[in-house]
1. Looking at the range B:112-151, which of its residues are more than 24 Å from B:Arg66 (Cα to Cα) and in contact (Cβ under 8 Å) with a residue 24 or more places away in the chain?
2. Just checking, which of B:Ala194, B:Ala214, B:Ala166 is at pLDDT 95 or above and under 23 Å from the mean Cα position of the chain (by Cα)?
3. Suppose the filter is assigned by TED's automatic domain parsing to the domain that holds B:Glu250 and either in contact (Cβ under 8 Å) with a residue 12 or more places away in the chain or touching a His at 6+ places or on another chain (Cβ under 7 Å) (or both); does B:Ala32 pass it?
4. Listed residues B:Thr153, B:Thr136, B:Thr95; which is modelled with pLDDT under 95, of a type in the set (S, T, N, Q) and either touching a Phe, Trp or Tyr at 6+ places or on another chain (Cβ under 9 Å) or surrounded by fewer than 16 Cβ atoms within 10 Å (Cβ to Cβ) (or both)?
5. Please verify whether B:Ile174 is within 14 Å of chain A (Cβ to nearest Cβ), modelled with pLDDT under 95 and under 23 Å from B:Ala11 (Cα atoms), treating the condition exactly as stated.
6. Can you tell me which condition B:Val17 does not meet? The list is (1) of a type in the set (A, V, I, L, M, F, W, C); (2) out of contact with any strand residue (DSSP E or B) (no Cβ under 9 Å at 6 or more places or on another chain); (3) within 25 Å of A:Arg9 (Cβ to Cβ), and all the others hold.
7. If you go through the range A:54-90, how many residues are under 30 Å from A:Ala200 (Cα atoms) and either β-branched (Val, Ile, Thr) or touching a strand residue (DSSP E or B) at 6+ places or on another chain (Cβ under 7 Å) (or both)?
8. Would you mind finding the one in B:Leu78, B:Leu49, B:Leu69 that is surrounded by 19 or more Cβ atoms within 10 Å (Cβ to Cβ), outside the structural domain of B:Thr178 (by TED's automatic domain parsing), part of a helix (DSSP H, G or I) and aliphatic (A, V, I, L, M)?
Amino acid sequence: MVVILDLMRMAGALAEGATGAVTISSASELDLVRRWCERTGNTLITTSPADAGLGAVLVRRGRLPDPAATLGPDRLPGARLWLYTNFHCNLACDYCCAASSPRAERRELGVERIGRLVRAGADWGVHEVYLTGGEPFLLPEIARIVADCVRLLPTTLLTNGMLFRGPGLRALQAMPREGFALQISLDSATPDVHDGHRGAGSWARAVAGIGVALGEGFRVRVAATIASPHAADLAALHDFLDGLGIARADQVIRPVAQQGAADTGVQFSRESLVPEVTVTADGVYWHPVAATDERALVSTQIEPLGPALSEVYRLFAEQWAAAGAAARLFPCA
Amino acid sequence: MSEQLLIGAVAYTPNVVPIWEGIREYFAESPAPMDFVLFSNYGRQVEALRAGQVDIAWNTNLAYVRTVLQTGGRARALAMRDTDTRFATVFVARTGSGLSGPDSIAGRRLALGSADSAQAAILPLYYLARAGVDVTRLEVTRFDSDIGKHGDTGRSELDAIDAVLAGEADVAAIGITTWDGIGGGELMPEALEAVWQTEPYCHCMFTALDTLPAERHEPWVSTLLAMDWGRPAHRRILELEGLHRWVRPELDGYAGLFAAVEEQGVTKWW
């Protein structure tokens with residue numbers, strides 16, 4: 001009984017979401033703590049005395065936040081499926097989280113396998129597909145890959161927008177307009193910053209690519225990767241994109257992650273990233289920003305995909321409960 | 001935006017801040033925007049209400065009664081929690097004590113909570129007396145652990161329970177919310193049992209003075225009553241504050257406390 005009085009006193013002094021410890025001396029007291037938490041809407045964080053040591057158990061005031069409510073249903077693990085179609089690229093951006101470049105190994109997933117992966121994802125409950133690379137427009141079959149994806153799920157294709165001519169333009173024109181969006185990278189309102197990271201002349205060609213895509217009737221998102229965004233620079237970028245006709249909701253700002261080719265940037269651990277299941281030719285990864293990081297490797301077995309999706313969801317649920325608080329969301333969209 | 005109403009509340013738990021920030025946010029887009037100010041005790045809050053420093057006070061039942069008594073009836077009851085309409089005091093003893101009903105408590109060692117707690121000090125004696133128990137023959141031990149907060153922290157009630165478990169008292173009088181909080185006899189049936197429970201009475205009440213015009217408080221009350229348990233953002237606040245919905249005042253539930261305050265000579269100035 002005393003342990004319940006201890007719990008009452010401790011909980012009364014805690015703010016919602018804060019945690020406190022009480023000491024227990026037996027398994028039956030642990031069971032009592034568990035039942036008290038269930039009854040009163042509080043959360044037992046540690047599930048055995050050994051978890052906290054010395055008979056102390058940790059209790060969170062209130063329930064764990066619902067991840068669907070906190071993150072949004074579209075950001076729950078498994079809602080998005082990222083596919084690295086390939087790793088080679090016509091650019092060699094100095095912050096590329098996948099270290100893509102013209103010299104990078106191609107490591108293509110392949111048309112047939114992508115079709116099977118998207119089918120498996122749809123069957124599991126994936127809501128949308130993101131195709132990225134590398135530069136997907138370097139693949140001659142990219143229009144077919146997109147069509148196969150869009151037939152099953154809403155799809156976004158990430159591109160630098162620089163290859164919309166010749167075969168690239170014909171591939172673009174063959175892509176569906178419904179259920180499909182292009183996400184084109186543009187880091188600044190003027191060429192200097194963008195070209196400084198991505199190569200001379202790349203800003204002008206990306207802006208031209210945005211114009212081509214809009215002219216062809218596609219929904220275009222623009223994503224800027226900015227290490228230390230200043231308010232004035234962001235305002236200038238938003239004004240510029242407004243002028244191009246990009247909706248504010250389709251103007252995405254994301255930080256540089258210290259991954260791949262980036263020597264500096266946001267550091268993260270698997271525990272700090274809400275997972276977005278990512279498949280490359282090398283395996284299934286926790287998140288697209290860490291698709292070359294062994295620490296983020298979930299499985300080297302790509303197919304069947306369902307078990308890996310379930311495993312990531314299970315690991316996230318454990319992580320969410322153990323954290324006792326909302327995981328920090330790394331915004332990579 | 002119309003002029004904000006200023007609501008007073010007592011900071012008896014760290015959750016008072018998220019509760020009132022949440023309520024303020026809820027009201028921000030309403031016809032009755034508001035702000036809040038926190039007090040360390042109900043005496044200060046009632047004083048501020050009388051001085052016009054706050055427009056509405058979120059009072060305990062004792063603070064409401066005192067506002068009525070201090071202002072000669074100029075207090076106005078505005079709204080309460082659904083859970084405030086069915087409050088009660090529970091008398092608990094060690095399991096196997098053999099006690100049952102008010103008569104069995106007569107002459108026993110009774111542990112009470114803070115002297116300004118209606119549920120754990122004032123009303124227990126009132127209802128025992130109404131049930132025919134000679135309260136002057138009780139051996140009363142008081143635990144004035146949170147004076148000023150009218151028993152809101154629950155600490156004094158837990159201290160009273162400790163006394164029973166330690167064999168230093170036969171019975172403890174606690175609020176029904178504390179009884180529910182420790183499991184209501186289900187989690188540790190071998191330790192404590194309820195031996196008697198008073199009739200329901202009312203607890204907290206939003207209180208204003210008659211100087212606050214209806215056209216100012218009524219939109220606020222209507223907005224308050226519109227909070228919806230089914231909406232997650234509202235539900236979080238309602239759960240923290242311990243209710244399912246806000247309701248209009250039920251004044252009959254305060255008659256016992258008015259009578260108890262008079263009979264026991266409880267000062268109206270705390």
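1. Within the range B:112-151, B:Ala131, B:Gly132, B:Val133, B:Asp134, B:Arg137, B:Leu138, B:Glu139, B:Val140, B:Thr141 qualify.
2. Details: B:Ala214 fails: under 23 Å from the mean Cα position of the chain (by Cα); B:Ala166 fails: under 23 Å from the mean Cα position of the chain (by Cα).
Among B:Ala194, B:Ala214, B:Ala166, only B:Ala194 is at pLDDT 95 or above and under 23 Å from the mean Cα position of the chain (by Cα).
3. On the way: assigned by TED's automatic domain parsing to the domain that holds B:Glu250: yes; either in contact (Cβ under 8 Å) with a residue 12 or more places away in the chain or touching a His at 6+ places or on another chain (Cβ under 7 Å) (or both): yes.
In short, yes.
4. B:Thr153
5. no
6. All conditions pass for B:Val17, except number (2).
7. The total comes to 5.
8. Details: B:Leu78 fails: part of a helix (DSSP H, G or I); B:Leu69 fails: surrounded by 19 or more Cβ atoms within 10 Å (Cβ to Cβ).
Among B:Leu78, B:Leu49, B:Leu69, only B:Leu49 is surrounded by 19 or more Cβ atoms within 10 Å (Cβ to Cβ), outside the structural domain of B:Thr178 (by TED's automatic domain parsing), part of a helix (DSSP H, G or I) and aliphatic (A, V, I, L, M).
The values are calculated or read from the model by the stated rules, or taken from the named source; none is laboratory data. All values reported here derive from a predicted model rather than from experimental measurement. For neighbour counting, all protein chains shown are included, and Cβ atoms are generated from backbone atoms with ideal geometry for every residue, glycine included.
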